[in-house]
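Take a look at the structure set out below.
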Amino acid sequence: MANHPQYEITQEELELIEAYLSKQLNAPAQQELEQRMQSDLPFRLKVEEVRNLIIGIQEASLESKLNSFHAAVENGKPAASGKTILLYRRWWAAAAVLLLLIAATWVLWPKAGKDERLFLAYFTPDTGLPVAMGSADSASYLFYDGMISYKEEKYETALQKWQRLARAGVSSDTLKYYMAMALLNQGQNSEAEKILSPLAEKPGSSFSEDAGWYLALIHLKNSDRINAIRLLKKIPGREDARKLLAELEQ
């Protein structure tokens, strides 16, 4: 008898994997999932299992082939071989497993699943600043050079350039905020949080509202609704913050 996986898959994971396999994730979410696959073997096995089930079900063409099989039996024709019957049984089992996973995970960790869906629904990367070319100032040139990389979604390259500025003593809110954005877009949420937290609480900073928004999303992704709601209440001027707050308080 074939061995079956001994792990469970949550609704959150199933929807995330399905979105990944159907190429519906945005670039940062796809990158974060692929990084998780590299570091989390059980999760990688779940992705492969769902992929195999979907491919198997599609290739088997279950309904049409099963109808043909029943027609052959009713007409008194023998099945082509024992392997054919086993193939039908194999993919019916695969379909049943997938349906059971979908049904069962509606019950498991519903709050965490909703938090992940809300995060994916509301998170969009900061688009960055317009690039001012021709600056003779070396620090400004390096910053905007990093911004070009950021806009090209080369977040690691942008971060490396901005980190050079930070090491040289540049400490503006603008630099800190976009370093956090580059980290967040690479899935390095904890590191981004360290930079965003003081910015969100800094009086008079032009980035405090945006920092608070992304910080709230990080807390939401971590299923920390208390802090997410606390931060969202501080930025009532944002329409997306009001909408998300309403959903969290339902």
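Just to be sure I understand, how many residues within the stretch 190-217 are in a helix (DSSP H, G or I), among the polar types (S, T, N, Q) and surrounded by fewer than 20 Cβ atoms within 10 Å (Cβ to Cβ)?
Total satisfying the criteria: 2.
What number goes with the only condition from (1) closer than 22 Å to Ala29 by Cα; (2) open to solvent by less than 80 Å² (accessible area, probe 1.4 Å); (3) assigned to a helix (DSSP H, G or I) that Gln160 does not pass?
It is condition (2) that Gln160 fails.
Give the residue that is surrounded by the most Cβ atoms within 10 Å (Cβ to Cβ), with candidates limited to residues of the stretch 163-189 that are more than 26 Å from the chain's Cα centre (by Cα) and among the hydrophobic types (A, V, I, L, M, F, W, C).
Leu165
Against the definition (touching a residue at least 24 places away in the same chain (Cβ under 8 Å) and not in a loop (DSSP other than H, G, I, E, B)), how does Leu220 come out, yes or no?
For Leu220, the condition - touching a residue at least 24 places away in the same chain (Cβ under 8 Å) and not in a loop (DSSP other than H, G, I, E, B) - is met.
Is it the case that Glu59 is surrounded by 11 or more Cβ atoms within 10 Å (Cβ to Cβ) and either farther than 30 Å from Ala192 by Cβ or modelled with pLDDT of 55 or more (or both)?
Against the criterion (surrounded by 11 or more Cβ atoms within 10 Å (Cβ to Cβ) and either farther than 30 Å from Ala192 by Cβ or modelled with pLDDT of 55 or more (or both)), Glu59 does not qualify.
The values are calculated or read from the model by the stated rules, or taken from the named source; none is laboratory data. Keep in mind that this is a model prediction, so the values were computed, not measured. So basically every Cβ, Gly included, is an ideal-geometry build from the backbone, and we count neighbours across all protein chains shown. Please note that ligands, DNA and RNA were not included when accessible areas were found on the heavy atoms of the full protein model with its side chains. Shrake-Rupley method; radii C 1.70, N 1.55, O 1.52, S 1.80 Å.
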